[in-house]
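Asks: Supplied in structure tokens, the structure appears directly below.
Any read-out appearing in this document is the output of simple, stated calculations on the displayed coordinates, not a laboratory observation. Just so you know, these numbers come straight off a predicted model, no measurement behind them. Cβ placement follows ideal geometry from the backbone for every residue including glycine, while neighbour counts extend to all protein chains displayed.
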Amino acid sequence: MTSYNSTSQAIAEKGMLTTKRIAIVIDDFGNDQQGTREMMELPVPITVAVMPFLPTTKRDAEWAHQLGHDVLIHMPMEPVHGKKSWLGPGAITADLSDEEIRQRVLAAIDEVPFAIGMNNHMGSKVTADARIMRIILQICKEKNLLYLDSKTTHKSVVKPVAAELGVKIVENNIFMDDVYTRNHISKQAVKVQKHVKDNDSTIVIGHVGPPGKNTASVLKQSVPAIQELAQFVTISKLAP
């Protein structure tokens, strides 16, 4: 098994000529979904967000770590719209007590080896709830984990609560595949390049699953153009 470091040294070195940086985060690992291998084998460092308590949770986290990628716990959290059944096992929902939330988050951390941080799977309801996010972020602080706010709602309270607790956070800038079509994903790739040109750092989220192979293909095609503008890094390199 080879890492992106050994397979794409020239690409990596070329990106180091710029001070701009981009982190590609891929969500929804843990269930051997479409695009899993294609994402793992992208020729640049990525960040692999792995859902807990699923059939390939441990395999995917270990695989990513061996390849030199960062690993996040992709914590299922209740959305404003949608069914709780979509969340998968061990999800954080608004009806849980403080202690239940704490136990579920700690159990999820134990499930995902090599994790350096956490981000939310769905979670538009939970990330807007200061009570719940204070518990989650306090655990991140205790475990020395950064938190990536996927920004699934403009009402997110992650930033102020994290500032209050002294937790390292970063925020998503662009979803690559909020619509699954290749045409949309290609348009998002153009937006990514514009964001990279205009900003010192960029965080992009894509997914394995229904859009996985299309997203992986578009990302792979985009690497040379983005590499002219920025260095690809894992998410821990962008944490304050």
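Asks: Mean residue ellipticity at 222 nm from the helices of the chain, using -39,500 (n - 2.57) per DSSP H segment of n ≥ 4 over the full residue count, to the nearest 500 deg cm²/dmol?
Replies: -11500 deg cm²/dmol
Asks: Filter the cross-link list Lys83/Lys151; Lys143/Lys220; Lys58/Lys187; Lys84/Lys168; Lys58/Lys194 down to pairs whose alpha-carbon distance in this structure exceeds 25 Å.
Replies: Lys143/Lys220; Lys58/Lys187; Lys84/Lys168; Lys58/Lys194
Asks: Which of Thr215, Thr181, Thr153 moves the most in a Gaussian network model of the chain with Cα springs under 10 Å?
Replies: Greatest mean-square fluctuation among the candidates belongs to Thr181.
Asks: Would you mind calculating the gained length between Lys187 and Ser236 on full extension (0.36 nm times residue separation, minus the Cα-Cα distance), in nm to one decimal?
Replies: This chain segment gains 14.9 nm when fully extended.
Asks: Just tell me which aspartates and glutamates come within less than 19 Å, Cα to Cα, of Lys213; anything on the same chain fewer than 8 places away is out.
Replies: Correct list for Lys213: Asp27, Asp28, Asp32, Glu38, Glu41, Asp60, Asp177, Asp178.
Asks: Modelling each spin label as a point 7 Å along the Cα-to-Cβ direction, I'd like the Glu142/Asn31 distance in nm, to one decimal.
Replies: Here the modelled spin labels are 2.9 nm apart.
Asks: Let me ask something else. Ranked highest first by average number of other Cβ atoms within 10 Å, how do 224-233, 46-55 line up?
Replies: Averaged packing, sorted descending, gives the order 46-55, 224-233.
Asks: Please report the relative contact order for segment 4-238, taking Cα pairs under 8 Å with a sequence separation of at least 6, and give it as a percent rounded to a whole number.
Replies: After rounding, I find 29 percent.
Asks: Give the long-range amide H neighbours of Phe175: residues separated by 5 or more places, or on another chain, with amide H under 5 Å away, using H modelled in the peptide plane at 1.01 Å from N.
Replies: Excluding prolines and chain starts, which carry no amide H, the hits are Ile205.
Asks: Shifting gears a bit: Using each residue's phi in segment 165-182, evaluate 6.51 cos²θ - 1.76 cosθ + 1.60 at θ = phi - 60° and report the 3J(HN,Hα) Karplus result to the nearest Hz, with x for Gly and Pro.
Replies: Result, rounded to whole Hz: 8, x, 9, 6, 10, 9, 10, 5, 9, 9, 8, 6, 9, 5, 10, 7, 6, 4.
Asks: Output wanted: per-residue J couplings in Hz (rounded whole) for segment 158-163, from phi through Karplus 6.51 cos²θ - 1.76 cosθ + 1.60, θ = phi - 60°, x for Gly and Pro.
Replies: Taking θ as phi minus 60°, the curve returns 4, 4, x, 5, 5, 5 Hz for segment 158-163.
Asks: Between segment 160-190 and segment 40-71, what's the alpha-carbon centroid distance in Å?
Replies: Here the answer is 18 Å between Cα centres.
Asks: When averaged across all projection directions, what area in nm² does the alpha-carbon convex hull of segment 55-184 cover?
Replies: 8.6 nm²
Asks: Okay, next question. Which whole-Hz ³J(HN,Hα) couplings does segment 196-208 yield from phi under the Karplus relation 6.51 cos²θ - 1.76 cosθ + 1.60, θ = phi - 60°, glycine and proline marked x?
Replies: 4, 4, 9, 9, 6, 9, 9, 10, 10, 10, x, 9, 7
Asks: Quick one: which residues, 5 or more positions from Leu146 or on another chain, have an amide H under 5 Å from its amide H? H modelled 1.01 Å from N in the peptide plane, none for Pro or chain starts.
Replies: Amide H neighbours of Leu146, under 5 Å, 5+ apart: Gly117, Met118.
Asks: Which value results for Rg/Rh of the chain when Rg is the Cα radius of gyration and Rh the Kirkwood radius based on the inverse mean 1/r?
Replies: Ratio of gyration radius to Kirkwood radius: 0.95.
Asks: Something else about it: With only Lys, Arg, Asp and Glu charged, each at its Cβ (+1 for the first two, -1 for the last two), find how big the charge dipole of the chain is about the Cα centre; round to the nearest 20 debye.
Replies: That gives the chain a dipole magnitude of about 540 debye.
Asks: If eta is 1.567 mPa s and T is 4 °C, what Stokes-Einstein diffusion coefficient results for segment 16-123, Kirkwood Rh from Cα pairs, in µm²/s?
Replies: Once the numbers are plugged in, D ends up at 89 µm²/s.
Asks: Moving to a separate point now. Please state, as a whole number in µm²/s, the translational diffusion coefficient that the Stokes-Einstein equation yields for segment 117-240 at 20 °C and 1.002 mPa s, with Rh defined as the Kirkwood radius across alpha carbon pairs.
Replies: Using the Kirkwood radius from Cα pairs, D works out to 138 µm²/s.
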